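To keep things clear, I will list the structure first and then write my remarks on it.
The values are calculated or read from the model by the stated rules, or taken from the named source; none is laboratory data. Keep in mind that what you see is a predicted model, and the values were worked out from it rather than measured. Heads up, the Cβs are rebuilt from the backbone with ideal geometry, glycines too, and the neighbour counts pull from every protein chain shown.
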Amino acid sequence: MNACVQLPGGALINGEIQRFAWFRPITGKVELLITSPANQYLGRPAWVSAVLAAAIEKIGAIEMSVVIADRLTVGDRIFLMLQLGIRYTGDQMWLTPACESCGEQFDVSVKRSELPVQKASNDYPSALVNINRREVSLRAINGKDQQWLNENPSAEIVQTLLNRCVQTADGKQPVSEFINGLDRKDCDYLESAIQKIGPDVDCTLLVRCPECSVVQEVEIDPYWLGQTQRSNLDNEVHTLAFYYHWSEAEILNLTRERRHTFLNLIDKERACHA
Ligand SMILES: [Zn+2]
């Protein structure tokens with residue numbers, strides 16, 4: 001599988017948009033992070049940044065980091081997590097939604113690679129709109145914005161997004177006075193303009209219940225990377241350390257394929273001596 005993917009938006013780094021991301025091979029180190037109980041303590045957006053920083057080697061020619069992952073727009077982050085999912089557990093995802101009409105659970109499968117991706121607008125990563133005879137510069141929503149909202153659940157979402165994503169009004173800052181003077185309709189208009197700047201992946205499926213035939217929408221969780229068992233990884237590290245006397249760090253630096261090659265060799269060896 002090609003290590004390089006083209007982002008539907010792109011990362012603004014040092015004033016330039018970088019549109020290509022290079023994945024690392026999946027090592028135990030990345031798997032440890034994916035399966036780590038720490039993801040329960042980090043909020044979801046912070047965990048996504050940590051996983052992307054570990055799984056991706058570089059964006060353009062620039063080394064990937066948590067800071068860069070935080071600044072990626074939401075659409076790019078969803079796209080990259082789906083790409084990581086393809087590499088980690090495969091293209092196909094299975095969901096078991098409960099029918100909204102009859103309540104029966106049923107199975108639905110979807111391919112991550114077939115979810116419709118909408119590229120960013122031409123103005124990306126910012127846009128100019130006119131409102132109340134003022135020219136307002138907006139930027140797309142990124143991972144850091146999601147993190148802020150996640151950590152401040154009581155915040156007024158639209159107002160918060162405007163305070164973070166309105167860059168200038170008539171070329172000037174600060175913008176808080178301008179935002180405070182907007183009515184609800186203007187706020188909603190700007191919020192919807194902000195939502196349209198970045199790329200988007202449609203994570204909604206239209207499915208028919210096999211029991212009652214009612215057609216309904218099912219939401220896919222694009223950040224879901226499969227049912228991963230931390231204990232499996234711990235067992236594998238333990239077995240390799242026991243037989244080869246390698247350190248934990250050395251074992252975690254192996255790709256999953258190399259790790260499994262050695263585990264198969266150990267199994268064969270054990271079978272010979274059984
Ligand atoms: Zn039904």
| query | Applying the selection to the stretch 50-91, what residues are modelled with pLDDT of 95 or more, closer than 17 Å to P222 by Cβ and among the polar types (S, T, N, Q)? | reply | T73, Q83
| request: Consider I141 carefully, then state whether it is more than 16 Å from the ligand (Cβ to nearest atom) and in contact with a strand residue (DSSP E or B) (Cβ under 7 Å, 6 or more places away or on another chain). | output: yes
| message | Suppose the filter is under 12 Å from L32 (Cβ atoms), touching a strand residue (DSSP E or B) at 6+ places or on another chain (Cβ under 7 Å) and surrounded by fewer than 17 Cβ atoms within 10 Å (Cβ to Cβ); does N253 pass it? | response | yes
| message | If I go through the stretch 177-200 residue by residue, how many of them are over 16 Å from E135 (Cα atoms) and outside any helix (DSSP H, G or I)? | response | 4
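Of the residues that sit in the stretch 103-112 and are surrounded by 13 or more Cβ atoms within 10 Å (Cβ to Cβ) and over 21 Å from the mean Cα position of the chain (by Cα), which one is nearest to the ligand (Cβ to nearest atom)? Reasoning before the result, please.
So the first thing to find is which residues in the stretch 103-112 are surrounded by 13 or more Cβ atoms within 10 Å (Cβ to Cβ), and the list is 106, 108, 110, 112.
This time we only want the ones that are over 21 Å from the mean Cα position of the chain (by Cα), so: 106, 108.
On the way: F106: 7, V108: 12 Å.
Only one residue fits best here, namely F106.
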| Out of all the residues in the stretch 201-252, which are of a type outside the set (A, V, I, L, M, F, W, C), over 23 Å from K268 (Cα atoms), in a loop (DSSP other than H, G, I, E, B) and away from the ligand (no atom under 16 Å from the Cβ)? | D202, D221, P222, Y223, G226, Q227, T228, Q229
| Per-region count, the stretch 150-160, residues surrounded by 11 or more Cβ atoms within 10 Å (Cβ to Cβ) and either without any contact (Cβ under 8 Å) to a residue 24 or more places away in the chain or not in a helix (DSSP H, G or I) (or both) | 5
| query | Name the pairs: first residue in the stretch 88-107 and within 30 Å of N2 (Cβ to Cβ) and part of a strand (DSSP E or B), second residue of a type in the set (S, T, N, Q) and away from the ligand (no atom under 16 Å from the Cβ), Cβ to Cβ under 8 Å, at least 6 apart or on different chains? | reply | Q92/S109; M93/S109; W94/S109; L95/S109
| task | Would you be able to say whether some residue in the stretch 118-129 is surrounded by 14 or more Cβ atoms within 10 Å (Cβ to Cβ), closer than 21 Å to E219 by Cα, over 15 Å from the mean Cα position of the chain (by Cα) and within 16 Å of the ligand (Cβ to nearest atom)? | result | no
| message | Can you say whether V201 is hydrophobic (A, V, I, L, M, F, W, C), touching a Cys at 6+ places or on another chain (Cβ under 8 Å) and under 30 Å from P116 (Cβ atoms), as far as the supplied structure shows? | response | no
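What residue, of L95, L115, is within 20 Å of the chain's Cα centre (by Cα) and within 16 Å of the ligand (Cβ to nearest atom)? Even if it seems obvious, please write down each step before you answer.
On the way: L115 fails: within 16 Å of the ligand (Cβ to nearest atom).
One residue alone meets the criteria, L95.
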| Matching strands (runs of 3 or more DSSP E) fully within the stretch 1-79 where at least 2 residues are closer than 26 Å to E114 by Cα and of a type in the set (F, W, Y) | 16-23
| query | Taking the stretch 167-203 as the search range and keeping residues that are of a type in the set (V, I, T) and in contact with a helix residue (DSSP H, G or I) (Cβ under 6 Å, 6 or more places away or on another chain), which one is nearest to R44 (Cα to Cα)? | reply | V201
